[in-house]
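Every number in this text was worked out from the coordinates using simple rules, so none of it is lab data. Given the structure is predicted, the values throughout are model-derived calculations rather than measurements. We place every Cβ from the backbone using ideal geometry, glycine too, and count neighbours over all the protein chains shown.
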Amino acid sequence: MSALSILFRRELALAWAGGGGPLLACGFFLCLTVLVPLAAGGDPAGLRPVAGGVAWLALALSSILSLERLFERDHEDGALDLIALGPAPLELVVLAKAAAQWLAVGVPLAVTAPVAAITLGLTPDQAPLVALSALIGALGFALTGALGAALALGSKRGGLLIAVVVLPLFIPPVVFGAGALERGVNGLSPGPALALLTAYVLFAAVVTPFAGAAAIRNAQG
């Protein structure tokens, strides 16, 4: 078994340890999407025009919750130094951690997304589009979030710094994802918006490993 596969399996196990990060993210996601209809009076017709934007904003905020632990835990106990000295390039380590974050947190959020969207007034027949767009967008959030976690490495207020760094970078996928849902609701093809969302993910997949590895090396001195 390669070093990267061992690291990937370890990250998946750690994601569910210490309080269950995926469950916390999904619970937070559902709470946000339930509170909005309650605050708006519970009118489905009034919620439907903004349902996509609210769902994607909730998805973005929920994706941030477990990012602080992505590198900081290994940095504090010295494991990150050993990983950096290992046979796997640090760029691939960053990519593996982001992929594990997506699989452990992003995929459960994507599975939860159709339920959340229905509470916001969308119909069950739009559930496949909601799940697909959330699955793609969650991968973008995981990649960009990994970069933010690497940049905040060693900071005393890492969680706050991560939010400040990644929230502006989350704007494009939120716009593209909400646009895909809006087009689907209006009977138009969501293809163009999904293509832009996929392009964002591909761009993040290219930039994050190198920028994240550079940030980690800088934090290690």
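For this structure, a couple of remarks:
- Radius ratio Rg over Rh of region 93-217, counting only Cα atoms, Kirkwood formula for Rh: 1.02
- Using only side-chain charges placed at the Cβ, +1 for Lys and Arg and -1 for Asp and Glu, the dipole size of region 3-220 relative to its Cα centre rounds to 60 debye.
- For Rg and Dmax of the Cα atoms in Å, the candidate list reads [x] 22.0, 74; [y] 17.7, 57; [z] 18.9, 77; the entry that matches the value derived from this model is [y].
- Gaussian network model of the chain, springs between alpha carbon atoms under 10 Å - residue of Pro37, Pro209, Pro114 with greatest fluctuation: Pro37
- Extension gain, Leu35 back to Asn218 (0.36 nm per residue minus Cα-Cα distance, nm): 61.8 nm
- In region 133-183 the Cα-Cα distances spread across 5 Å bins starting at 0 as 5, 22, 25, 19, 14, 9, 4, 1, 0 percent of all pairs.
- Calculated FRET value between Val111 and Ile6, using beta carbons and R₀ = 35 Å, to 0.05: 0.85
- Loop-located trypsin sites (Lys or Arg not before Pro) in region 1-94 (DSSP state other than H, G, I, E, B) with a sparse environment of at most 11 neighbouring Cβ atoms within 10 Å are absent.
- Under 5 Å, built H, 5+ apart or other chain: amide partners of Leu120: none
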